[in-house]
Amino acid sequence: MTTDNKVALITGSAKRIGAFTAEYFHSRGYDIILHYRHSGDAAKSLRDCLNASRPHSCIALHADLADPTAWEQLAEQARSWKHRLDLLVNNASSYYPTEFGKTTQAQWNDLFASNAMAPFFLTQALTPLLQQSNGCVVNIVDINADRPLPNYTPYCMAKAALKAMTLSLAQVLAPQVRVNGIAPGAIIWPTHGQTSEADQQALLARTPMQSMGSPEDIARTIYFLAEKAPFITGQIIAVDGGQSLT
Ligand SMILES: NC(=O)c1ccc[n+]([C@@H]2O[C@H](COP(=O)([O-])OP(=O)(O)OC[C@H]3O[C@@H](n4cnc5c(N)ncnc54)[C@H](OP(=O)(O)O)[C@@H]3O)[C@@H](O)[C@H]2O)c1
């Protein structure tokens, strides 16, 4: 199958920011490769919804990015869908606290797999396709890559690695492929109750914009980088309501 439409692969796109981004790009004419690990039902339901509005415009691919053999398989399936890729969004991310003194190597490997290692190898595997379309990569980092949280050391280290990857690969892949990043602040609270209501309110109170962002803030910044910024590469844009200034 081939297409005149642009094609985007968004990792971790069954729910939340990834799913919103998939819908945002689909409504602007992109064909979408959704990716999921555990959220198969949500991914398939979103796929069916997007295909109902435009036939053959979406597929959903499964891969556990902690499985070192999964990147190549995901890349191969993405390649063989429409033989085209214009945008890779490395969005999938494991996120949970790890207490120093009790952190296990399994947690370290898991956090680095989705947040740093898979983005690198997926980008490497898909670079030839991105080069053909003068495409771009957008890595979803985190403002806490620069302001590491005390109870999330390996997560913050992994996001710092993703930031370094962005700056390095922007040089490696220019001029054919641009590589940028977005560092969100508070957009959607985590689902596992990692932050208390009081901590959430305190964080918002010291954020200059005094509110959370929305998935649309992230999606439209990805869209800006992909569609409106041909001279921008190697940049990380904080979308955080000014939180990183405080
Ligand atoms: N939410 C925020 O306020 C916030 C703040 C700062 C940065 N960010 C960054 O923005 C991005 C999106 O945030 P979010 O809150 O929407 O993300 P999320 O819901 O925490 O995670 C997105 C998806 O990542 C996938 N994932 C995790 N580990 C994986 C693995 N080993 N293999 C494959 N998929 C894996 C999960 O897919 P399945 O459900 O299919 O398993 C999950 O649905 C992330 O990179 C996050 O670090 C978000």
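Rule-based calculations on the coordinates, nothing more; no lab input. Computed from a prediction, not measured in an experiment: that's the story for all the values here. In this analysis, Cβ positions are derived from the backbone assuming ideal geometry, glycine residues included, and neighbour counts consider all displayed protein chains.
So if R0 is 25 Å, what FRET efficiency would Ser244 and Ala174 give, r being the distance between their Cβ atoms, rounded to the nearest 0.05?
Numbers: r = 26 Å, r/R0 = 1.05.
For Ser244 and Ala174, the calculated efficiency is 0.40.
A straight chain from Ala205 to Lys44 at 0.36 nm per residue would run longer than the Cα-Cα distance by 54.2 nm. Applying 0.36 nm per residue to the separation of Ser27 and Glu216 and subtracting their alpha-carbon distance, the gain on full extension is 66.8 nm. Taking Cα atoms only, the orientation of helix 16-26 departs from the longest principal axis of the chain by about 30 degrees. Potential lengthening of the chain between Glu197 and Gln131 amounts to 19.2 nm, from the contour at 0.36 nm per residue minus the alpha-carbon distance. Among the GluC sites (Glu not before Pro) in segment 1-99, those placed in a DSSP loop whose Cβ has at most 12 other Cβ atoms within 10 Å are Glu99.
Return Thr104, Thr123, Thr153 ranked ascending by Cβ neighbour count within 10 Å, so the fewest neighbours appear first. Don't skip to the answer; put the middle values down first.
Numbers: Thr104 10, Thr123 23, Thr153 17.
The order, fewest Cβ neighbours first, is Thr104, Thr153, Thr123.
Using the Cα centre of the chain as the reference point, and only Cβ charges (+1 on K/R, -1 on D/E), how large is the resulting charge dipole? Debye, rounded to the nearest 20. Computed charge dipole of the chain: roughly 380 debye. So if R0 is 30 Å, what FRET efficiency would Arg147 and Ala52 give, r being the distance between their Cβ atoms, rounded to the nearest 0.05? Computed FRET efficiency for Arg147 and Ala52 comes out at 0.10. GNM on the chain, alpha-carbon springs under 10 angstrom: the most fluctuating residue among Ala229, Ala42, Ala219 is Ala229. Taking the centroid of alpha carbons for each part, segment 131-178 and segment 187-246 are 16 Å apart. Taken one residue at a time, the phi angles of segment 78-87 give Karplus couplings (6.51, -1.76, 1.60, θ = phi - 60°) of 5, 4, 7, 5, 10, 6, 8, 8, 9, 8 Hz. Gly and Pro are set to x.
Relative contact order for segment 7-245 using alpha-carbon pairs under 8 Å, separation at least 6, rounded to a whole percent? Let's see the in-between values first.
Numbers: 428 pairs, mean separation 44.9, N = 239.
After rounding, I find 19 percent.
Where in the chain is the longest stretch that carries no chymotrypsin sites (Phe, Trp or Tyr not before Pro) classed as loop by DSSP and with at most 10 other Cβ atoms within 10 Å?
Details: sites that count: Phe100, Phe231.
In short, 101-230.
Projecting the alpha carbon convex hull of segment 1-101 along each direction and taking the average yields 7.0 nm².
Counting only DSSP beta bridges with both residues in the chain, tell me the antiparallel percent, nearest 5.
0
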